[in-house]
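Please treat every number below as a calculation from the coordinates, not as lab data. As the structure is a computational prediction, the values presented were derived from the model and not from experiment. Cβ: placed from backbone, ideal geometry, glycine included. Neighbour counts: every protein chain shown.
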Amino acid sequence: MVRTTTLGYPRIGRKRELKHACEAYWSGKSGEEDLHRTGAMLRRTHWQAQRDAGIDLIPVNDFSFYDQVLDAIALIGAVPERYHWEGGLVDLDTYFAMARGVRRADLDATAMEMTKWFDTNYHYIVPEWHAGQRFQLASTKLFDELAEAQAQNIPAKPVLIGPFSLVLLGKARNGNEDLDLLGETLTGVTAVYGEIISRLATMGASWIQLDEPCLVQDRTPAELAILRHTYEVLAAQKGQTKLIISTSFGHVGESYETLITLPVDGIGLDLVHGPENRDLLHRHGLPSDKILVAGVVDGRNIWHTDLPATLDLLDDITTIVPHERLIVAPSSSLMHVPYDATRESEIAQELRQWLAFAEQKLEEVVILGRAVHEGRDAVAIALEESAAVTQSRATSPLAHDASVQAKLAIQQATHRSCSYAERRQIQSERLGLPCLPTTTIGSFPQTAEVRQMRRRFETGQITTQEYEHFIEQSIAEIIARQEKLGIDMLVHGEFERNDMVQYFGEQLSGFAFTHHGWVQSYGSRYVRPPVIYGDVTRPAPMTVRWSTYAQSLTDKPVKGMLTGPVTMLNWSFVRDDQPRETTCRQIALALSEEVADLERAGLRAIQIDEPALREGFPLRCSQWDAYLTWAVACFRLAASSAGPAIQIHTHMCYSAFNDIIDAIAALDADVISLENSRSGGELLEVFSQTSYDKEIGPGVYDIHSPRVPSVDEIVAMLRATLQVLPPESVWINPDCGLKTRTWEEVIPALEHMIAATQQVRLSLPRQS
Ligand code: GLN
Ligand code: ZN
């Protein structure tokens, strides 16, 4: 008998019920009970869907109101002091305060930091560690959900992030992230995990899945020794329960031999994104006391599985691991893919059958399990259909455009026509900006009104003319607003954009869009990633109309606003039938045509956003150089059609720059704005310690939080910035786009930002 499982399931609801419930709760429109009711309903639905599909072991506790790492933080009582939690159980408001920050009369605390989950576009809340930290069991969510599943007769497998990865994913609040603190923290955390495992075992859980995705990153022998110790402690508590250590997103490399000798019952390997895992299995085998959870269906991309080829892989694996020790699974949690591809009735039939979302992946997993167990004949029709789909993808003109291939074969410029020093001179004369120029990152609030107008336009309730008039009006208002605020370099507000990638993708060939294909980005923010299925071209200019309109309304410079090629790639579901680099170059080429058009239209500055450059990082350091080389080349390909008088800006929103500072320099952008405010200004040190010579706008406040910063806070931030960066290189801006915020938050925040800038400017030594 070959069993099947999933490692996690989408939790947001087919109709985004989770988002609506959370937002209603946050705004006070509904109470705690309503929220819990929605949670229970979603869990029941998801468990049932998996059981109905024929999945044998069903994950429990993969549900979360916000983030599974935050759940683990609550579980072990790792609540930072600033939330004034007094022990006991972590209540819902403390939980959300950690996620979102609070500003109440009795409590004023910034949100916890957020960062990308491995190389996905999901963001988790970063745990905070400090010396002497105490941990305690502080949430019953995990146990409650197990009891709930048991009451519904679900073959439940509780899942939670493993202690080793939890600790590694956290961050030492006061510097020194040394092995001592890691060891000390892990000891404390593991003690609580021991209690957790023991309690789950007592409750009768037959299986527990501990996710240790940090094992697909480079690990030192010292860390692996700590890993072993951790699992020795946990194993002592597991009783009859089978403990599985699950990994995803890559191969486990040097950790393999440790992993297979830990006192646990099974390991999970990602055989899609870590094909090397197959070699590891062959080279070192798998001890006979271990089960293998074989991740063979891509859990994070949306392409149909080539079932015959995957069966070949599984057949090969069964030469090492016999049927009874094999569990067929997706390569990762399915939370990274949408629910159901068959709902996408507006996607061309041919393309639609290339797709598999969570529900289709359940079917694939079950078919594969059956085929291994009963033989291929048992699923002959499914295998034939799968082969036909593979064939269609390989040959369809939908995916293959000879003219794009031909264009790419010609050598394209990846250098600006002047040195940076010359450009800086030319641009500074042309732009005439004050010292510490102020700007924003591009978007202004996407209010209900803006979204409603777009919807009415898309559904034909208003004419193109009416819609465009509305956008023009919005642009005119935001230009006037920015002038009134006293901002120096303006933006057009991005009101016409549904999303910074989708907006472009919709105007490029080779991209498809789903109607219901939402995946969680962070908290209640969901995105519908585009599907890049074919060769990319730009049939017509994409942004020139709105950018030139905005510029026509003001003498101040307006930034043209583009999404960079690497970000478009990293925030999409990308075709897996050619190297990602090739797809990225196709997008870059299309953008370079747009840059040239914006220059011709009279724009003086163009921002090419690359917020996702870093999240495309391979998880193994040995592969970074290769990635950065092509990623940087693609950005430069997009930017290099600009003449020297065009100030090229770029924007990145994450805070760890140490490891890519050279790549950032290599982008050769004239100005870069960065997220900074959630990480306490530490990125500045990186810039001050290198010879980075270009202009920088370290974000002066956190736009991910509804909290409005005070003038004094921003002044303090600016003074700290000017301690490490020369004033002539510093720009003042929020740390990201403002589209998710309300006007009530944005206006005072920007007023404070401008007031703070003016105050600091006065204290600067006079420029001659
Ligand atoms: N220009 C974009 C905006 O302001 C950048 C968003 C981002 O960095 N994610 O919305
Ligand atoms: Zn950003």
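At a glance:
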| quantity | calculated |
| --- | --- |
| C-alpha center-to-center spacing [segment 414-449, segment 577-600] in angstrom | 21 Å |
| Approximate shape of segment 411-550 as ellipsoid semi-axes (Cα gyration tensor, √5λ), whole Å, largest first | 30, 23, 16 |
| Mean-position separation - Cα centroids, segment 250-301 and segment 307-350, in angstrom | 16 Å |
| Contact order relative to length of the chain, as percent, for alpha carbon pairs under 8 angstrom and 6 or more apart | 12 percent |
| Ala413 paired with Leu89, simple spin-label distance in nm, labels 7 Å along Cα-to-beta-carbon | 6.5 nm |
| Projected label distance in nm at Arg525 and Glu483, using a 7 Å step from Cα toward the beta-carbon | 3.1 nm |
| Rounded to 5, percent antiparallel among DSSP beta bridges of the chain | 20 percent |
| Between segment 372-412 and segment 540-571, the Cα center-to-center distance that results, in Å | 35 Å |
| Folded to 0 to 90 degrees: helix 624-639 orientation relative to the chain principal axis, Cα | 30 degrees |
| Linear extension gain, Lys29 paired with Ser552, 0.36 nm per residue minus alpha-carbon span | 184.1 nm |
| Average Cα contact separation per residue, segment 1-58, under 8 Å, 6 or more apart, as relative contact order % | 50 percent |
| Of Lys29/Lys484; Lys19/Lys141; Lys15/Lys407; Lys171/Lys484, those spanning more than 30 Å from alpha-carbon to alpha-carbon | Lys29/Lys484; Lys15/Lys407; Lys171/Lys484 |
| Cβ-based net charge around Pro287, under 13 Å, with every Lys or Arg adding one and every Asp or Glu removing one | -1 |
| Ellipsoid semi-axes in whole angstrom, largest first, where each is sqrt(5λ) of the Cα gyration tensor of segment 563-650 | 25, 13, 10 |
| Residue list for segment 728-768, given a label point 7 angstrom along the Cα-to-Cβ vector of Ser710 and an amide N cut-off under 18 Å | 748-760 |
| Mean separation of Cα contacts under 8 Å (6+ apart) over length of segment 634-768, as relative contact order % | 23 percent |
| Whole-number D in µm²/s for the chain (Stokes-Einstein; Kirkwood sum over Cα pairs; 25 °C, 0.890 mPa s) | 90 µm²/s |
| Segment His36-Ser392, extension gain: residue separation times 0.36 nm, minus the distance between their alpha carbons | 123.7 nm |
| Residue order, fewest to most beta carbons within 10 Å, for Thr310, Thr563 | Thr310, Thr563 |
| Exposed-site-free run, longest, the chain (rule: GluC sites (Glu not before Pro); DSSP loop; at most 15 other C-beta within 10 Å) | 507-768 |
